[in-house]
1. Considering the convex hull of the alpha carbon atoms of segment 1-52, report its projected area averaged over all viewing directions, in nm², one decimal.
2. Under 15 Å between alpha carbons, and skipping anything fewer than 8 positions from Lys114 in its own chain: which aspartates and glutamates qualify?
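Derivation of every value follows stated rules applied to the coordinates shown; laboratory data play no part. Note that the structure is a prediction, hence the values are computed from the model and not measured.
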Amino acid sequence: MNEEMVQQLMTTAERLANAAESLDRVLGRLDAQQEALNTKVDRIVAAVEEQPAYEVSARGEGARHLQERVAELEKSNADLKAQAARMARKTLPPLVSAILAKSCDEAGSEKLDKSVLDKTLQSLSVEQRIAVKSELARAGMIE
């Protein structure tokens, strides 16, 4: 191998390492968000389960208020569970990882430059570009 080839391999290895570090930071943030959502869901579930059964079955204004509160908490719980499901840790597909490795010129940056990304994705079909951009947006690397 000549010196130029070794230099290219070293540059590629650095880019791959930077891309891996960026992905690791993004995944760490996603894990923290997931934990926060799980904590909120657990608190709501505990609040709903703490209510004694006789309060729910009582008649009058208090019973109606409690039923409304239970419905409100159940709706919040369902919303948080849906949000937690959307925020679940996801890995990028191999195609996206390969594109990141090839085009990550800015070492250590978590956000990708849109012009660089568009230029990199020119060779893909429209559907593939949309898929790659949606995966990057889901990972928080583009807006």
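1. Working: hull surface 15.2 nm².
Projected area, direction-averaged: 3.8 nm².
2. Once the sequence-local aspartates and glutamates are set aside, what remains near Lys114 is Asp105, Glu106, Glu135, Glu143.
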